[in-house]
Amino acid sequence: MATFAVILPAAGKSSRFGDAFYKKPFAPLENRPVWMHAAEKFSNRPEVKQLLIVISPEDKDDFDEKFGGNAAMMGIEVVVGGTERSDSVQAALSRVRDDIDFVAVHDAARPCVAEEWIDRVFAAAEQTGAALLAAPVTATLKRVGNDKIIRETVPRETLWEAQTPQVFRRQLLLDAYARRGTELATDDAQLVERLPHPVTVVPCSAMNLKITSKDDLRLAAAILKVLPKPTLLSAPHPFADDHLWR
């Protein structure tokens, strides 16, 4: 059986989330923080041998106080990230063990990924070396200028919205990050594409949403009610009161 490490980036600023008390990975969702819902989807999979969450330096003390017990009980390694998302993933990637075959990067703010979707993207990565979940774009897209005037309607037939997990053979992702240079990348697949190496798209549902706004929390709560429940390996931290994260 191939072995997998899973990296959960949670070091962003959450500026679009617009909450004075919570960053989106730590916001409460169905009695647990968002990140824990994401982590639970991987923590009981036999092929996942290493699970890492990446947080910002400014959140380290609060995370340890409120969620350190959960992370320890779930076997999650806590990594301090960097300024950009790629810096954070690279910091975690440096901690991935040499005996790991594949690395999956999954947004800590994407709590609704289902076991079936993980099965499919893991299998595709084993076959091709690089794969990600994505949903076909269904909306009508307009390219708009700075003057807010439509320049063109963009054909959507070949457009897909990238999701996570994005899964890569470990050495392939190491090579991609070694060559990333200073040009920013919005996801890990973009770095692998630059090598170049083909990345396989695995069709997925729009229910695999990423929390961006507070409205998304309400959508995620509804989605979680219809998805199969993972087996919990730990209870919420018994000493964590809500005010500790405020």
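Only residues that are of a type in the set (V, I, T) and in contact (Cβ under 8 Å) with a residue 24 or more places away in the chain: list them for the range 146-174, please.
T164, V167
Give D61, D87 a once-over and let me know the one that is more than 17 Å from the chain's Cα centre (by Cα), part of a helix (DSSP H, G or I) and more than 22 Å from L209 (Cα to Cα).
Residue meeting the stated conditions: D61.
Among what's in the range 10-25 and is within 18 Å of K66 (Cα to Cα) and open to solvent by less than 40 Å² (accessible area, probe 1.4 Å), pick the residue that is modelled with the lowest pLDDT.
Filtering first and then ranking leaves Y22.
For the range 212-222, check the following and say yes or no: at least one residue is at pLDDT below 95, in contact with a Ser or Thr (Cβ under 7 Å, 6 or more places away or on another chain) and either under 16 Å from V105 (Cβ atoms) or not in a strand (DSSP E or B) (or both).
No, the range 212-222 has no match at all.
Taking the range 167-204 as the search range and keeping residues that are surrounded by fewer than 16 Cβ atoms within 10 Å (Cβ to Cβ) and in contact with a strand residue (DSSP E or B) (Cβ under 8 Å, 6 or more places away or on another chain), which one is farthest from A10 (Cα to Cα)?
Selected residue: P198.
Looking at (1) open to solvent by 10 Å² or more (accessible area, probe 1.4 Å); (2) farther than 22 Å from L173 by Cα, which one does W35 not meet, given that it meets all the others?
(1)
Okay, residues lined up against (1) under 28 Å from L174 (Cβ atoms); (2) not hydrophobic (A, V, I, L, M, F, W, C):
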residue: K24; (1), (2): no, yes
residue: A71; (1), (2): yes, no
residue: E77; (1), (2): yes, yes
residue: R97; (1), (2): yes, yes
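Give the range 38-77 a look and list any residue that's more than 26 Å from A221 (Cβ to Cβ), open to solvent by 30 Å² or more (accessible area, probe 1.4 Å) and not small (G, A, S), or say none.
P46, K49, P57, E58, K60, D61, D64, E77
What residue, among those in the range 121-166 that are in contact with a strand residue (DSSP E or B) (Cβ under 8 Å, 6 or more places away or on another chain) and hydroxyl-bearing (S, T, Y), is least open to solvent (accessible area, probe 1.4 Å)?
So the residue we want is T164.
The values are calculated or read from the model by the stated rules, or taken from the named source; none is laboratory data. Since the structure is predicted, the reported quantities are computational estimates derived from the model, not experimental observations. Every residue, glycine as well, gets a Cβ built from its backbone with ideal geometry; the counts of neighbours run over all protein chains shown. The area values use the complete protein model at the heavy-atom level, side chains included, leaving out ligands, DNA and RNA. Shrake-Rupley method; radii C 1.70, N 1.55, O 1.52, S 1.80 Å.
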